[in-house]
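Here's the structure we're looking at; comments come further down.
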Amino acid sequence: MTYRIHTARRAADYLRRLDARSQARILQRLDEIAADPYGPHTKPLTGVGGQRVARVGGWRIVFAVDTAARIVNVSAIRPRGEVYRRL
């Protein structure tokens, strides 16, 4: 059973501004996260309780998992150098 993806407004706006190829790669990773948010393509963030990160080339997807409601809340999609400064 898959999880539903809920994307924060800022993350969705950033994704919308990317080129089509990058959007496709990130959307593919979001599909993988929806299928298994604890899979080998993600890792927990240290120091930030309950959040996980997935890597897509130079971008990072930061999200939290609500297992009871089966929802993945994506809080940020940013380049690697920026995403960790804003947490």
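Tabulated data for the structure shown
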| read-out | value |
| --- | --- |
| Qualifying residue in the stretch 68-80 (condition: at positive phi, at pLDDT 95 or above, over 12 Å from the mean Cα position of the chain (by Cα) and not hydrophobic (A, V, I, L, M, F, W, C)) | yes |
| Boolean, residue 11 is under 18 Å from residue 82 (Cα atoms), crowded, with 18+ Cβ neighbours inside 10 Å and touching an Asp or Glu at 6+ places or on another chain (Cβ under 9 Å) | no |
| Residue count for the stretch 60-87, restricted to those that are surrounded by 14 or more Cβ atoms within 10 Å (Cβ to Cβ) and either among the charged types (D, E, K, R) or closer than 11 Å to residue 11 by Cβ (or both) | 12 |
| Cross-chain or 6+ apart pairs with Cβ under 7 Å, the stretch 63-87 first and under 11 Å from residue 5 (Cβ atoms), then small (Gly, Ala, Ser) | 63/75; 72/34; 73/64; 74/8; 74/11 |
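The values are calculated or read from the model by the stated rules, or taken from the named source; none is laboratory data. Computed from a prediction, not measured in an experiment: that's the story for all the values here. Please note: Cβ atoms are built from the backbone with ideal geometry, for glycine as well, and neighbour counts cover all protein chains shown.
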